1. Among the numbered criteria (1) outside any loop (DSSP other than H, G, I, E, B); (2) on the phi > 0 side of the Ramachandran plot, which one does Gly611 miss?
2. Tell me which residues, restricted to segment 154-198, are within 52 Å of the chain's Cα centre (by Cα), under 22 Å from Gln229 (Cβ atoms) and either exposed (fewer than 13 other Cβ atoms within 10 Å of the Cβ) or not assigned by TED's automatic domain parsing to the domain that holds Ala209 (or both).
3. Taking into account only those residues within segment 62-87 that are aliphatic (A, V, I, L, M) and loosely packed, with under 12 Cβ neighbours inside 10 Å, which is nearest to Ala99 (Cα to Cα)?
4. Only residues that are under 21 Å from Phe158 (Cβ atoms), in contact with a helix residue (DSSP H, G or I) (Cβ under 7 Å, 6 or more places away or on another chain) and not in a strand (DSSP E or B): list them for segment 197-252, please.
5. List pairs: first in segment 484-501 and under 17 Å from Thr556 (Cα atoms) and touching a residue at least 60 places away in the same chain (Cβ under 8 Å), second hydroxyl-bearing (Ser, Thr, Tyr) and surrounded by 14 or more Cβ atoms within 10 Å (Cβ to Cβ), Cβ under 9 Å, 6+ apart or cross-chain?
6. Filter segment 515-549 for residues that are under 28 Å from the mean Cα position of the chain (by Cα) and among the polar types (S, T, N, Q); which is surrounded by the most Cβ atoms within 10 Å (Cβ to Cβ)?
7. So, in segment 199-211, how many residues would count as being over 52 Å from the mean Cα position of the chain (by Cα) and either of a type in the set (Gly, Ala, Ser) or not assigned by TED's automatic domain parsing to the domain that holds Ala222 (or both)?
8. Tell me yes or no: at least one residue of segment 81-95 is within 30 Å of His224 (Cβ to Cβ), part of a strand (DSSP E or B) and not polar (S, T, N, Q).
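The values are calculated or read from the model by the stated rules, or taken from the named source; none is laboratory data. Everything quoted here is computed from the prediction, not taken from an experiment. Cβ sites come from the backbone with ideal geometry, for glycine too, and all protein chains shown count toward neighbours.
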Amino acid sequence: MGASDDGFWDWIVAGDTVYTSPRFLEIHGFAQGTSFAGREDLMARLPFHSEDRPRVSQAIADHISGKTARCDVETRIIRDAGTRWVQLAGMAERDPSGAVVRWTSTVRDITERKRTEDALRETQERYARVVSASEEAFWDWNAVADELYLSPRFLELFNLPPGTVFARRADMFKALPISKADREALQRAATEHFSGKTPRMEIEVLVSARGAERWINLIGRATHDSDGQLVRWNGSIRDVTARKLAEQALRESRERYELAMAASESGYWDWHIPTNQYFLSPRALEMGGYDPSSGISRDEFRARINMHPEDFARWEAAREALFAGTGERLAMEVRYVVRGEIRWHSLQAICKRDDSGKVIRWSGSTTDVTERKRAEEELRTMERKLRLAQRLEAMGTLAGGIAHDFNNILGAVLGYGEMAMRDAPKGSRLARDLDNIMIAGERGRALVDRVLAFSRSAVGERVPVHVERVVREVLDQVLAKLPANVTVHSKLHAGRAAVRGDATQVHQVVANLASNAVQAMPAGGTLRIGLAVERAAAPRTATIGGREAGEYVVLTVADTGTGIPAEVVDRIFDPFFTTKEVGTGTGLGLSLVHGIVTELGGAIDVASTPGAGSTFTIYLPRCGDVAERVDAREKDLPRGRGQRVLIVDDEEPLVQLASRTLEELGYMPVGFTSSSAALAAFRADPKRFDALITDERMPEMSGSVLIREVRGMRGSLPIVLMSGFLGTTKGEADEVVQKPLTRRDFAASLARVLKPDKVRRRASARSGKRRSARTASE
């Protein structure tokens, strides 16, 4: 007994004697050796808590009276100004009649156990309050005994009646108000966890009961013994309906936003700066040239970005400036290089700042605006071309007017000079002086030709022109006066391809381009001239004009010279514009090329790099092929047979010159400087004249009006129209010649219009028209 921590006492009823062990006395706070006069004295002196004493007395009385088989009671005692717990356990010894003859009882100090139980109870209550506050529920399954505990909140969340008890885990699974698929998924997740495949079980199921639905999250963990056998499984459940609804709402919001962005063909990005989380929509990835299904971090995106380097630097500088300031938005149009193609994107971005003003979020959208940019560029190109065309048209009208007046002056100079040379002794000083006058006049005439070609007023019948033959003729001339430091490479592969126009015009185009190319290489270089036939499958705009679908004779003239500065490219076709030194160029070369090519329905492309050279590409519509040339030059000038020719020009010297020239050619000229007077003379006697030669631009009456009046009186009269500037067609004239006219021009034009068969055909045609008109009026 000495080793026991219990105390005891023994009461013998006969004699009312009490024995108490030393441990008994110690537990109750008595001094060792303390004695008691009897049971009543002992009971009275034991330091029971006042609240517990009646309960202890009643327990002893019930046992002595035989109501209980033994007495076992826990009570508090007051000792050393403190409270301690003791457990009293006693049993009475009775005689045959049932009367108590002895009472023996033990006492044990259970203060530490009671404190432990109180602490455990407080912990459990605290846990219950926490669980209740968190609205979580829990379960506990003893796998060995197949005993299952479900908290009240568990039953509530699964819409099970309060107090529901399941004998087995399988019964609980069957009773849960979830779908068959969720039940199977829950059982499968539990089985996999029990077998050790997952460290814990977590699953979400949809509970449907009483017309309502809620999402439940279950988290469970199994306990195994040392042999790996499942012994326990417990866990918690939580209602996550609000979270699921929020996730669904967020998902629907994102889907709506993505659909809206998809409808707008835009992509978007979002950068959460504190966590460096970066999101790019599939459309944004696709537009940037990446796989739409691949996720990409911001650092990876920046490392692989396809934005044009110049624009990326500009964008980053603007973004950093925005972050450093106080603004919110940034908008910019940038270029991306996607699969080798330049694509324009419009970026619209907004930043979000914290309370200190630091940027914490950066979001925005990207929209492909390539087609709009192309349309804008095409519109700008068209506007530039329109301005150029308007400028050229205005300059052309002015140049044409000047050329007309200048041609009248040159006509007199060249005509009278030609006459004077016939009478000047050969080798004399007079002959030399006249020769110099004629050379100067021819130079002036060539200059006027260039002005007229620019103003689209060059006169001449359009015929199929053998382009390659003309180009070869120009090459011969170029090679004859080519500087020693310039080499020529030619590739002419057009064959007998022809364009409809004037051979002189084509000659001027090639000669001017070649001359400009040589002058652009003062330090030497290479002149390349190419000629080929190409087919355009679709329409395309050029620097000047445009190409429709069809076949073209393509002339290319390229040099390795100084190139054309970008700021003057739009002006190079302006008349009189030149970058050359004074005295080395007139500024009419490229304007002439522009006028001729435009008149022939062609187009011009210009490509130039300063310091590397320029390339001019001319596209002329092909009109088929031409036959080989037949030399049909006339040896002698055709002469008249005394026909009377009416001459009309408002310039007196030109009337005199024409009259003398026609007299020498065998005609009888009658000259007038007044168109009204000439018409009056013709009206007085229409049959007096065999032909009419008239100028176009005259103050009283133009040549075209005069011709119509004459045709009304005599439709078969042969007529030649002269002009230094002709803005209209030849109208009712039979022949159109460009001023100034030489002796050969007069002879040839009159010979053509006075041919008897031509006269008869013309008279017959006009007579038929008049008969048809009379029939229609009747």
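1. (1)
2. Arg188, Glu192, Lys197
3. Going through the qualifying residues, I end up with Ala69.
4. Passing the criteria: only Arg200.
5. Hits for this filter: Val499/Tyr552.
6. Filtering first and then ranking leaves Thr543.
7. Count: 1.
8. Looking for residues that are within 30 Å of His224 (Cβ to Cβ), part of a strand (DSSP E or B) and not polar (S, T, N, Q), one finds none in segment 81-95, hence no.
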